[in-house]
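One structure is given below, encoded as structure tokens.
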Amino acid sequence: MNEENNLIDNLDKNCSVSVSREKLQSPKGTHDILPDEYCYFELVRNTVEKCCKEFGFGRISTPIFENKELFQRSVGAISDIVEKELYVFKTASGKEYALKPEGTAGVVRAYIQHGMSSWPQPVQLYYIEPHFRHDRPQAGRFRQFHQFGFEVIGEIDPVLDAQIIQLANQINSDLKISNHLKLQINSLGCAECRPKYIVALKDFYFGKERSLCDSCNNRLEKNPLRLLDCKAEDCQLLSFLAPKISNFWCGECASHFTQVKEFLTELKIPFVENLSLVRGLDYYTRTVFEFWDEKDGAQNAIGGGGRYDKLIADLGGVDVPALGYAAGIERIIAHMKTAEIKIPHDQNMQIFVAPLGVEAKKKALKLLEDLRKAGIRASGALGKNSMKSQMKLADRFGASLAIIFGQIEIQDGTIIIRDMKKGSQEIVLFKDIVKIIKNKLKK
Ligand code: HAM
């Protein structure tokens, strides 16, 4: 019995030692979004919502996890995203699910599941959601990150390709980052012409395997297109010499791409035709595009997309074409910060209420409610007793006005309004305070 107690004692000690020593941190590659950072998220989200609504998109939200098979059959079983970066978990019954690494697959699954092919076409949907990739964390690369994206399902016309790029460009421009970005476009051809290009690529690389990096050697058989965007020096040199896809486009693909470029020129959206641009997801056909940072190039593209005309049929739906785009919100915010883009301060607290003493606190709760009902952003540090600490907080909240009252003011039925910038004060009647504040904020 004693031995048993000793064992339990030791276990307790060990547990408490390990618990107290272990510093609990957010999982590697994830990050908390604190209030100062959230202002940026809100600005991006509001801009995306505004632009998407103006372009006639409806919002969709799909589950955070889906059947693993969905991503194998869409993003591609041999893509890096599925092969190396998927977060997979098994239920007790052995079913395999995966946290979504991107948004397109879920949207297409929903399009099929809800019979959206019977809706007026094209169906235009947008989303703003967290996504998960077990990537190697580094600048701009997280394991949980946020994407906004939009998909247009049901039409083939190249004008839609230009329109999707126009929408992405509009969002970049509203967020004031478009000057730092370069649009890259390419066409990956279709089921008719791409296989001929793949054969030509394999022929070109035959006998040059020793000059390729390990990843490219692995990709050569399964996914030779990816060799074109490898960052290793020797691979880049070879990709420069490799056959160009433009020599293999069938008539329809060539004409589609020419029209996309004409529409972009008409819209005055500058672009670089980049015949080495391929994407990390296997579902693309024809147009692909990315917005690259002027300095980093492909390393940290802020967004990318393209056509995926066969995906809906491949996943068991009707044979309708589609296209879309997604961008990483963290990367966009990083750009905004580098460019020193200031967040408009209209979300700051407008009024800070500083009551002194118990009676004043009682009145402050109701006063805060009245101010908020009048549409004023008001807050107060009701737990603080000293005037100095309350004024410090008012400053931190960025409030333009503070209203101060204690026992004397309550007796007199008055209240003090302090202009936080000028430091001046005035005394007004308590009963008129909401009206007076509203008028002051209008000026
Ligand atoms: P994607 O290029 O894989 O495309 O991702 C789009 C954007 O998400 C990237 O350009 C990047 O900004 C951001 N992103 C991707 N991975 C990470 C990461 N580990 N950490 C931070 N940001 C990241 C897609 O996801 C396609 N579904 C786009 C699309 C929509 N194509 C057609 N429709």
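The values are calculated or read from the model by the stated rules, or taken from the named source; none is laboratory data. Since we're looking at a predicted model, the values are computed, not measured. Positions of Cβ are backbone-derived with ideal geometry, glycine not excepted, and every protein chain shown enters the neighbour counts. We work out accessible area using only protein heavy atoms, side chains counted, and drop any ligands, DNA or RNA first. Shrake-Rupley method; radii C 1.70, N 1.55, O 1.52, S 1.80 Å.
Miscellaneous remarks
- Whether region 351-442 is rounded, prolate or oblate, judged on the alpha carbon gyration tensor where a/c under 1.5 counts as rounded: rounded
- Estimated from the Cβ-Cβ distance and a Förster radius of 41 angstrom, the FRET efficiency linking Lys362 and Lys23 is about 0.45.
- Most positive-pole-ward Cα, Ile64, Ala110, Ile156, against dipole of the chain from beta carbon charges: Ile64
- Distance in nm between pseudo-label sites at Ile436 and Phe271 (7 Å out along the Cβ direction from Cα): 6.1
- Of Lys363/Lys384; Lys196/Lys310; Lys337/Lys443, those spanning more than 20 Å from alpha-carbon to alpha-carbon: Lys337/Lys443
- GNM on the chain, alpha-carbon springs under 10 angstrom: the most fluctuating residue among Ile351, Ile343, Ile332 is Ile351.
- Region 188-255: chymotrypsin sites (Phe, Trp or Tyr not before Pro) falling in loop per DSSP and having at most 16 other Cβ within 10 Å: Phe206
- Here the accessible area is traced with a 1.4 Å probe on the protein chains. For region 351-442, carbon and sulfur cover 54 percent of it.
- These residues, Met387, Met420, Met116, go from largest to smallest accessible area, 1.4 Å probe, as Met387, Met420, Met116.
- Note on the chain: GNM, Cα springs under 10 Å; of His131, His335, His114, the largest mean-square fluctuation is that of His114.
- The distance from the alpha carbon centre of region 385-443 to that of region 188-214 is 72 Å, rounded to a whole number.
- Accessible area of region 67-164 belonging to carbon and sulfur atoms, whole % at 1.4 Å probe: 51
- When the chain is treated as a GNM with alpha-carbon contacts under 10 Å, the residue of Ser379, Ser246, Ser187 showing the greatest mean-square fluctuation is Ser379.
- The chain: relative contact order in percent, alpha carbon pairs under 8 Å with at least 6 residues between: 14
- Think of each Lys and Arg Cβ as +1 and each Asp and Glu Cβ as -1; about the Cα centre, that makes the dipole of region 351-442 roughly 380 debye.
- Sites Thr258 and Ala339, calculated FRET efficiency, Cβ-Cβ separation with R0 35 Å, nearest 0.05: 0.55
- Lysines whose Cα lies under 17 Å from that of Lys342, excluding same-chain neighbours fewer than 8 positions away: Lys176
- Helix 329-338 and the longest principal axis of the C-alpha atoms of the chain enclose an angle of approximately 70°.
- With Cα atoms, 0 to 90° folded angle of helix 35-54 axis to the chain main axis: 60
- Net charge dipole, the chain: roughly 1640 debye, given to the nearest 20, about the Cα centre with Cβ charges of +1 for Lys and Arg and -1 for Asp and Glu.
- Note on Asp395 and Arg141: the extension gain reaches 87.9 nm, defined as 0.36 nm multiplied by sequence separation minus the Cα-Cα distance.
- 1.4 Å probe accessible area per residue over region 351-442, in Å²: 58
- Shape call, region 76-124: gyration tensor on alpha carbons, a/c limit 1.5: oblate
- Each Cα pair under 8 Å and six or more residues apart adds its separation to the average, and for region 351-442 the resulting relative contact order is 29 percent.
- Between region 261-336 and region 132-155, the Cα center-to-center distance that results, in Å: 13
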